[in-house]
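A short write-up of the structure that comes next.
The values are calculated or read from the model by the stated rules, or taken from the named source; none is laboratory data. Note that the structure is predicted; figures quoted are calculated from it, not measured. Using ideal geometry, Cβ is built from the backbone for each residue, glycine included, and neighbour counts are taken over all protein chains shown. The area values use the complete protein model at the heavy-atom level, side chains included, leaving out ligands, DNA and RNA. Shrake-Rupley method; radii C 1.70, N 1.55, O 1.52, S 1.80 Å.
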Amino acid sequence: MLAKSGRRGIWRTPSDDQSYVAKDRRDDDHLPAARPNFVFLITDDQELVPEGIQHGMRYTLPMMRQFGTTLQNFFANTPICCPSRATLLTGRYPHHWFVPSDDACMYMDVAGEDFAKVSMGVLMQRLGYTTGCFGKTLNLEVGTQYCNKTSATAFPGWNSSFALCNKFNFQENVWNVNGSILNTTDYMTSVIGNRSLSFIESSLQSGKPFFAYIGVHAPHLPSTPAPWYKDEFRDLRAPRSRNYNFHGSTHHYLVRSQPPLTEDVQSAIDELYRDRQRSLLSVDDIMRDVINLLSRYGQLETTYVIWTSDHGYQLGQFRLPVEKEQPYEHTIRVPFFIRGPCIPEGASLPFVASMVDILPTLIELAGAAVPASMDGHSFARTLLSGGSSFREKHLVEYWSVARNPYYNHHLIDIENNTFIGVRLLNATHSYLYAEYYAHRHEQSFMHPIECELFDLKHDPWQLWNLYGLPEAHSVGPLHSVLSELRRHLHSQVKCSGQEECVL
């Protein structure tokens, strides 16, 4: 359920000042002369490593690589749905929206005006865009303010909205359509695609700039493929990476307590992997149709087309058969591709960016100034110039949402799986440092019960936690890295706004 507005933790709420009104910057040489359109496609639970994008996105992947720019090092700030989407929609870290209430959207206070007035749709409308939202935005539930059958309200900030109200189902869905409830029985991804295309075409016909948000549920569980794709990829199996079925004996409790994956569980993982790729084929169809539609109207070169995911997924890594609620590469590293005006074609850029930076970047690409109250920073200039330097550290935050769930005798999440972390990646270093806390409502972050430190330059699969080594706690290079990561993490985990939330 969504939380009531006004119950906030220890972090400040930005004042409703003029920084929310982005200022026109049409004279910027880095930006296209005409106001661009936007098509923003976000998948659900799509991992980048290992092999999360190669099969199901068989049109989209080569097309975006050839005609757009790939960000090699793009990360989610949290490995869970609603907090990651709250960050995407507002350019603010999950800790900004955290509220210690089980009634909130995975502890995110996203129901009230505080959230709505600074969200993506509202800000793009203020910039003169016709906005459309299709599919999954947050984790809306039937019966809440946006999905109540008798008193639903329109989703704020969208001229046209078709927002998903239920989850874990690819057919027989409930939607909020501009404030009215609609039930459908057709395949969900196709329904989202058709609604999106209709909005885009009507916007193209109007000649006004538009912003289309397309939030598909694939490849999220149950990963049901469209009937016409159910027999694809019969020979695929989940990648057997170095950390697949690996006993993480030096990792935190949840990981080191995992039993080996049985043959039956491994077979189930393989079938899920096949279904995930099959479900993505319908997402691939949406992208193909979007590109064809933009081409037909002669607007492909004036439209930014973006593809990313809210976070990654695990399929047997460290013996965890499903889900995502960990700080490791397969759960936080996600795809990010963009094509459009002034975007270098065929480029693959190494700079680090994360989910909190997306909305600031979109605002600058639209030709406006980023509100100072946003935590994220725009990487538009780095992107347009084909640069390599933006940020080198990013935050990871997670408050455990589970109540000791098991999957085939594997514990998937537990209260002391609450963590904060920082990922460092530059030309010489590649580290992850994470602290784990006993309680899911943790706000002080003073007394971790366990810590992890991984050197991904020498251990890319994060097999060995270095935190317990003597070298990590005595004078030397490893201790220096650990001290800097800890200092940075605790200086940022409560930051608010552009000035405090540093690159």
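Values as computed for the structure displayed
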item: Residue-level accessible surface for SER84, protein heavy atoms, 1.4 Å, Å²; result: 0 Å²
item: Radius 12 Å from Cβ of GLN72, net charge of other residues (Lys, Arg +1; Asp, Glu -1); result: +2
item: Most to least accessible of TRP228, TRP461, TRP158, TRP175 (protein chains only, probe 1.4 Å); result: TRP228, TRP461, TRP158, TRP175
item: Cα extents of region 157-214 along the three principal axes, largest first (Å); result: 36, 21, 14
item: Qualifying lysines (Cα of each under 18 Å from Cα of LYS117; at least 8 residues distant if same chain); result: LYS4, LYS23
item: Cα principal axis extents for region 19-160, largest first, Å; result: 46, 42, 30
item: Charge dipole magnitude, Cβ of K and R +1, D and E -1 - the chain, Cα centre, debye nearest 20; result: 560 debye
item: Probe 1.4 Å, all protein chains present, accessible-area order of ARG333, ARG486, largest first; result: ARG486, ARG333
item: 4 °C / 1.567 mPa s Stokes-Einstein diffusion coefficient of region 386-457, Kirkwood radius on C-alpha pairs, µm²/s; result: 93 µm²/s
item: Angstrom value of the Kirkwood radius, inverse mean 1/r, which spans all Cα pairs in region 404-503; result: 15.1 Å
item: Vicinal HN-Hα couplings computed from phi for region 53-68 (Karplus, 6.51 cos²θ - 1.76 cosθ + 1.60; Hz; Gly/Pro x); result: 10, 6, 9, x, 9, 6, 8, 5, 4, x, 5, 5, 5, 6, 9, x
item: Spatial separation of Cα centroids for region 306-374 and region 380-450, in angstrom; result: 15 Å
item: Distance violations [Cα-Cα > 19 Å] among LYS167/LYS324; LYS324/LYS457; LYS136/LYS230; LYS136/LYS167; result: LYS324/LYS457; LYS136/LYS230
item: Cut-off under 5 Å, modelled amide H: who pairs with THR137 long-range; result: LEU164
item: Local net charge near ASP264, Cβ-Cβ under 13 Å (Lys/Arg +1, Asp/Glu -1); result: -3
item: Local electrostatic count at CYS133 - Lys and Arg +1, Asp and Glu -1, tallied over other residues with Cβ under 12 Å; result: +3
item: Per-selection Kirkwood Rh - region 280-375 (Cα, Å, 1 d.p.); result: 16.1 Å
item: Angstrom value of the Kirkwood radius, inverse mean 1/r, which spans all Cα pairs in the chain; result: 22.9 Å
item: Mean projection area, nm², convex hull over Cα of region 193-339; result: 10.4 nm²
